[in-house]
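Novice: One structure, as structure tokens, below. Some questions next.
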Amino acid sequence: MDQDVNMQTGPSLTQKAIDTAIRLGVLAVLVAWCFQILRPFISPVIWGSIIAVTLLPLFEKISTKLGDRRKLTAVIITLGSLMLIILPSIQLTVSSVDSLHALSEKMQAETFTLPSPPEGIKDWPVIGESAENLWQGATVNLEATLMKFQPQIVGLAQWLLKTFLGIAAGLVMFALAIIIAGILMASAKSGGMMAKHLVVRVAGSHGEEIVGITVQTIRSVVKGIIGVSMIQALLAGLGFAVAGIPAAGLWAFLCLVLAIIQIGVAPVVLLVIIYAFYTMGKVSAVLLTVWLVLVAVSDGPMKAVIFGRGASVPMLVIFLGAIGGFIAIGFLGLFIGAVVLSVGYKLLEAWMGGGLLSDG
């Protein structure tokens, strides 16, 4: 009798195991295909979601004033955001191209000359004497000096070209992310409910808490780190452009990168101030110095005001997120990496503190 039962149940269990394996295999193939199809859009979708979460309070206020016309509000915010990104980018790009073109024309006409090396450069530790000799040689015969460093100059030019192409691609991706953010905000109610249900499904009863921490951290980091960095870069770039600093757009971009990774704009500001005092009149140089110093020290008060309303994140987390994101996915990774790692850090902090994913 037992043998008959085993004969009946054995094939049934085997068949169920085979059916389950087939279903899991088909599901895995389907997920892999979906990932391959959506992979080019992962970065803009993530960044679009971040922008949507950040701008949602503003979206709701404008929508209410417009009589709950959510699609119209989404169009207004999307177009406004695109203008805020595209116009300064075009201005900075044109400024950089014009500066490089003017420098190229001067060098071709042999009218470009370097000022004499500053007094005291020879007293600099380690590199003082070499720097003075190099500077003096470039002042006398710039072309011969450049020929000595031709491989390095070619390498630098290739790196700059690659960087500019990366920035251009990043701006295109950023524009796409803004459009995605507008679509997400227009359907925020249904999309938000679906996101909450998904997180609750994965994380259980603490899903809503995870969503709350995530939203708070995204808004805090985007406004306190990325927003302040963009403001500083734009203000510094405005000062560079008004003062006629060569390659103002490139210096402004360096300010943006250094501000995001929490080094600050001071290194770029210091170089520009030194250049200004050697090439400009004293009044113009002093005015530019005052402006740039105010820009450099403005990040502290702005971050204090913004982070006072949200959870702060250690500088090291922002730094690692920005650098790692840049290495992983390029220019856009500066922003995405900083935000994503900050969210992960806050969730880990909440879990370690016992307020998240705990049974108690």
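Novice: Report, in cubic angstrom per residue, the convex hull volume of the C-alpha atoms of segment 22-83.
Specialist: Dividing the Cα hull volume of segment 22-83 by its residues yields 119 Å³.
Novice: Which distance in nm do the two modelled labels at Thr20 and Phe35 give, with both placed 7 Å along the Cα-to-Cβ direction?
Specialist: It works out to 2.3 nm between the two label points.
Novice: Sorted by average packing, counted as other Cβ atoms within 10 angstrom per residue and highest first, what order do 341-349, 249-257 take? Don't skip to the answer; put the middle values down first.
Specialist: Details: 341-349: 19.1, 249-257: 23.4.
Those peptides, ordered most packed to least, come out 249-257, 341-349.
Novice: Something else about it: How would you rank 226-239, 62-75, 17-30, 266-279, highest first, on the average number of other Cβ atoms within 10 Å across their residues?
Specialist: Packing order, densest peptide first, comes out as 226-239, 266-279, 62-75, 17-30.
Novice: Measure up Lys61/Lys303; Lys65/Lys223; Lys65/Lys346 against 32 Å on the Cα-Cα distance and list the ones that go over.
Specialist: From Lys61/Lys303; Lys65/Lys223; Lys65/Lys346, over 32 Å: Lys65/Lys346.
Novice: At 7 Å along the Cα-to-beta-carbon direction for both Ile86 and Val293, put a label point, then send me their distance in nm to one decimal.
Specialist: My value for the distance between the label points is 4.0 nm.
Each value in this text was obtained by applying a stated rule to the coordinates, not by laboratory testing. Here the structure is a predicted model, which is why all the values come from computation and not from measurement. Reconstructed Cβ throughout: ideal geometry from the backbone, glycine too, with neighbour counts over all protein chains shown.
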